[in-house]
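Everything below concerns the one structure shown next.
The numbers here are math on the coordinates, done by the rules we state, and not lab data. Computed from a prediction, not measured in an experiment: that's the story for all the values here. No Cβ is skipped: glycine too gets one built from the backbone with ideal geometry, and neighbour counts run over all protein chains shown.
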Amino acid sequence: MSINGSLLQKYAELIVRTGANVRPGQTVQLTVAVEQHEFAALLTEECYRAGAKKVNVDWTSDDQSRLNFQYADEQVLAAVLPWEEAKLQQMVEDLPVRIFIESEDPDAMKSINPRKLSSVMQSRATVAKPYRNAIEGRHQWVIAAHPSVRWAKKCFPEDEDAAAVDKLWDAILRTVRVHEGGDAVAAWKKHTDFMEEKAAWLNAQRFSSLRYRSANGTDFTVDLIPEAKWEGAGSVNSSNGVFYIPNMPTEEIFTSPAAGKCGGTLVAVKPLSWNSQLIEDFSITFENGRAVSCRAAKGQALLEQMIAMDEGACMLGEVALVPKESPVNACGFLFYSTLFDENACCHCALGMGFKEVLPGGEDLTMEQAQERGINDSIIHVDFMIGADDLSIDGIRPDGSAVPVFRNGTWA
Ligand code: ZN
């Protein structure tokens, strides 16, 4: 299949209207790669049609980012300049709708020293954190994807450039339910209704913990925070009550578990791409809620470094349920992008949890959320544990078990 104008238009409308749900009078902050300037123009026009007051664009470039890391000093890159902080402060005041179009080459930073990358990321994220916390839950945002040649070639190395891009387009549009002649908006309504029904069921169960088992060695129990909610598909911007869908695609129902309260081993079923590098065939063992050991056939040092990024990096911030029938899984290849790969099957994330899963969570400071069991960290890294035979039981406070997942899908 080759992408055509009408499909592109449909996709842009879906991102702006269903995903970000831009409302009249809102400012939009669009982050997109320079190569995708045509799609950026489509999105910009669609935002204005939806009534946006102003659309601002942050242009990105893989080459530019790589060259900065190659030539500039670590301290220079790590410094967040006053104008950058002023921009972050402006965001806290404007609460713009943020649209991120992902097209990054998974290998963009491959030649860069991972220590330099993570140390710069760590410093910058620490400065940005209070601003991020201040807008968390209080603005609409969506991440969607657009193929780039290098990303497509990473997924389909055997193909010519154009054929690889076509294949990646085909897969992206399939996962976001955009088809020729199809009604993507109606398909998303049905999809989000199903996910909300599952989330409502989980919330009604009030499980105190989840128990994971698989023949691959996964044997793991994690405590849940009694009042924390399961969420799926969409979120509500607490500053204006607007419903939006932060990830397109999205197949997960997720919550933040009780930080520091889990034990056992989780075995990954897919490679993890972190800082442009792959961690493969790995498992992580937890004791008293903390990752105490990990094993990786490839990327052992990287995995250890990730878990040691800060105090909260060794604890879980998310558990997510995704049935193996997910269209992302059906694509059958690794996208080298969390946006897609985390929607292939069940996963957990090390690092920062979501305070919005707590009742009134948007208004809590991260410290208050931490007191109520939510993990905090500068990282949030998802890793896939959804084996085809995965079973998950929900454990009630009286110890009784309720099947939640059997053979990798809803029981
Ligand atoms: Zn997730």
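Which of the lysines could a cross-linker bridge to K116, judged by Cα under 24 Å and excluding same-chain residues fewer than eight apart?
Partners within reach: K129, K154, K298.
Could you give the nm distance between label points at R406 and D94, where each point is 7 Å from its Cα heading toward the beta carbon?
In this crude spin-label approximation the distance works out to 5.3 nm.
Taking a ≥ b ≥ c as the square roots of the eigenvalues of the Cα gyration tensor of the range 81-175, is the shape rounded (a/c under 1.5), prolate (a/b larger than b/c) or oblate?
Here the range 81-175 falls in the oblate category.
Once the cut-off is 21 Å, how many percent of the Cα-Cα pairs in the range 317-384 end up in the long-distance tail?
36 percent
For the range 5-175, which semi-axes, largest first and in whole Å, follow from the square roots of 5 times the eigenvalues of its Cα gyration tensor?
For the range 5-175, the semi-axes come out at 27, 26, 12 Å.
Is the C-alpha gyration tensor of the range 1-50 telling us rounded, prolate or oblate? Criteria: a/c under 1.5 is rounded; beyond that, a/b larger than b/c is prolate, otherwise oblate.
Because a/c hits 1.5 or more and a/b fails to exceed b/c, the range 1-50 counts as oblate.
Once R0 is set to 25 Å, what does the formula 1/(1 + (r/R0)^6) return for the Cβ-Cβ distance between D183 and R23, expressed as a FRET efficiency to the nearest 0.05?
Approximately 0.65, to the nearest 0.05.
If you wrap a convex hull around the alpha carbons of the chain, what volume per residue comes out, as a whole number of Å³?
Taking only Cα atoms, the chain has a hull volume of 136 Å³ per residue.
Working out 0.36 nm times the residue gap between N113 and V236, then minus their Cα-Cα distance, what length gain in nm do you get to one decimal?
Gain on extension, N113 to V236, equals 40.4 nm.
Expressed in nm to one decimal, what extension gain is obtained for the pair D363 and E196 from 0.36 nm per residue of sequence separation less their Cα-Cα distance?
Residue separation times 0.36 nm, minus the Cα-Cα distance, leaves 57.8 nm.
Let me know the shape class of the range 206-307, please: from the alpha-carbon gyration tensor, a ≥ b ≥ c as square roots of the eigenvalues, rounded when a/c is under 1.5, otherwise prolate if a/b is greater than b/c, or oblate.
Oblate.
Take the Cβ-Cβ distance between Q64 and Q300 as r, set R0 to 25 Å, and report the resulting FRET efficiency rounded to the nearest 0.05.
Rounded to the nearest 0.05, the efficiency is 0.20.
Semi-axes of the range 222-368's equivalent ellipsoid from the Cα gyration tensor, sqrt of 5 times each eigenvalue, largest first, rounded to whole Å?
25, 21, 13
In percent, what relative contact order does the chain have, based on Cα pairs under 8 Å that are 6 or more apart in sequence?
15 percent
So if each residue of separation counts as 0.36 nm, and I subtract the Cα-Cα distance between H37 and A72, what length gain in nm does that give?
That pair, H37 and A72, stretches by 9.9 nm at full extension.
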